[in-house]
Amino acid sequence: MLTLMIAIFVLGYFAIALEHPFKIDKAASALITGVLVWTLFVLSGADQHFIEEELLHHLSEISSILFFLLGAMTIVELVDAHEGFAIITDKITTKNKVKLLWIISILTFFFSAALDNLTTSIVMISLLRKLIDDKYDRWFFAGIVVVAANAGGAWSPIGDVTTTMLWIGGQLTTMTIVKTLIIPSLVAMLVPLVVLTFTLKGEVSRPSKMEGLEHYTNPTTAFERNLIFFLGVAGLLFVPVFKTLTHLPPFMGMMLSLGVLWSVTEVIHRSKNKEDKSQLSVIGVLRKVDTASVLFFLGILLAVAGLQSAGHLAIMAGSLNEWFGGNVYAINIVIGLLSSIVDNVPLVAGSMGMYEIAAVGDFAKDGVFWQFLAFCAGTGGSALIIGSAAGVAVMGLEKIDFVWYLKKISILALIGYFAGAGTYILMQSL
């Protein structure tokens, strides 16, 4: 049964990858895979009480991620409904693909460090929809957003969930993360950009603004637009601060920010008629939120959690240590590549459980192993679109085809990944 769990996961993975040829939504494939993995785990003869406890434990973590995602998507949609992103998009006037790519990537890189890679990806997709009309051009830019978001998140203690895990677990301190990883992370983003600077040609087409009669009869005022934009950005930035101060899960801060924004929109639109108010309220915006993406996330995380509870990921981590003779660079590079196939969170959790924090050496607090693990787990997931939370969110929001990403973005992401890894190793040898 335990071997069959892996087989089901692989089959589910292919069903997700071949969503378009099969004409089955990836959310359906992910949900079936997630439930079947746990069903086979139950039928394997393992202790029923243990499995139930494990499932509930993982469900609490998964729910935390899903509510965080739902809150972030709602805030972004609310800002969008008030035309708040025009504050940024109106200042980006270039249509040149190369120039636009550099602007978007640099914004994403630093936003990701300040917010986190998941939230930043959601925000940047909203911006891209205002800037690029052609679907495949937008897909390409969205793919580079995934690369830049994951690179930006790796060098900040709040930028990527795996870096946050190592930060909270005491393996790494804030200054060490920033000081040792910002240059390799920057290289991981810049190298693909340099390649594209010499290969990407042409201009993007801007979407035409469609403004209905209601825009003129009862428009969103400049005050309302600016207020909701700055409140939305402040609310997203508040999430890591709230987490640091209270040590509560990030979704709690996100829900608080959403609640405040919800209250403010109710107050500023209270004098408007019901029809106009509904378009600018959280209740109206929730209809636009892509629920299928949330369910896809649920399914894929359930499947990976099942493999973790069954011990498959721990066995894999142990095998890596044996195969590479304890070489911390080789182990971490492979962990980074594996994180593009299975979620990087259980891989990092497995590594944290496998290796104790030593008094001195590579495994000491702020040691080389933990530093490189943060970089590799954070950036390696960009190699496949379902290898990171940012990638999964972008895939869901833009309906990007798995195989398309594999052909167009994966090579660029891998070039950046290995360039960044090489930069880190070179910095350690100097």
Next item on the list: Can you give me the ranges of the helices (runs of 4 or more DSSP H) entirely in the range 328-430 with at least 2 residues that are within 14 Å of the chain's Cα centre (by Cα) and crowded, with 21+ Cβ neighbours inside 10 Å?
Entry: 344-354, 368-380, 389-398
Item checked: the range 161-172, subset at pLDDT below 85 and not in a helix (DSSP H, G or I), residue nearest to the chain's Cα centre (by Cα) -> G169
Note to self: Please determine whether any residue of the range 241-262 is within 17 Å of E83 (Cα to Cα) and surrounded by 13 or more Cβ atoms within 10 Å (Cβ to Cβ).
What the structure shows: yes
Next item on the list: Could you grab the pairs with beta carbons closer than 8 Å, sequence gap of 6+ or different chains, first residue in the range 221-234 and within 14 Å of I88 (Cα to Cα) and assigned to a helix (DSSP H, G or I), second one at pLDDT below 90 and among the aromatic types (F, W, Y)?
Entry: F229/F85
Next item on the list: For the range 252-287, name all the residues that are over 28 Å from the mean Cα position of the chain (by Cα), modelled with pLDDT of 85 or more, assigned to a helix (DSSP H, G or I) and not aliphatic (A, V, I, L, M).
Entry: E266
Next item on the list: Select, from F41, F9, F68, the only residue that is in contact with a Pro (Cβ under 9 Å, 6 or more places away or on another chain), buried (at least 17 other Cβ atoms within 10 Å of the Cβ) and part of a helix (DSSP H, G or I).
Entry: F68
Notebook entry, point to check: On the given criteria, is S126 hydroxyl-bearing (S, T, Y) and crowded, with 23+ Cβ neighbours inside 10 Å?
Noted result: no
Next item on the list: Go over the candidates G361, G381, G396 one by one and state the one that is in contact with a Phe, Trp or Tyr (Cβ under 6 Å, 6 or more places away or on another chain) and either closer than 22 Å to L11 by Cβ or modelled with pLDDT under 85 (or both).
Entry: G396
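Limited to the range 15-32, what total is found for residues that are part of a helix (DSSP H, G or I) and either more than 27 Å from F402 (Cα to Cα) or under 21 Å from the mean Cα position of the chain (by Cα) (or both)?
Matching residues across the range 15-32 total 9.
The values are calculated or read from the model by the stated rules, or taken from the named source; none is laboratory data. Since the structure is predicted, the reported quantities are computational estimates derived from the model, not experimental observations. Note: ideal-geometry Cβ built from the backbone for every residue, glycine included; neighbour counts use all protein chains shown.
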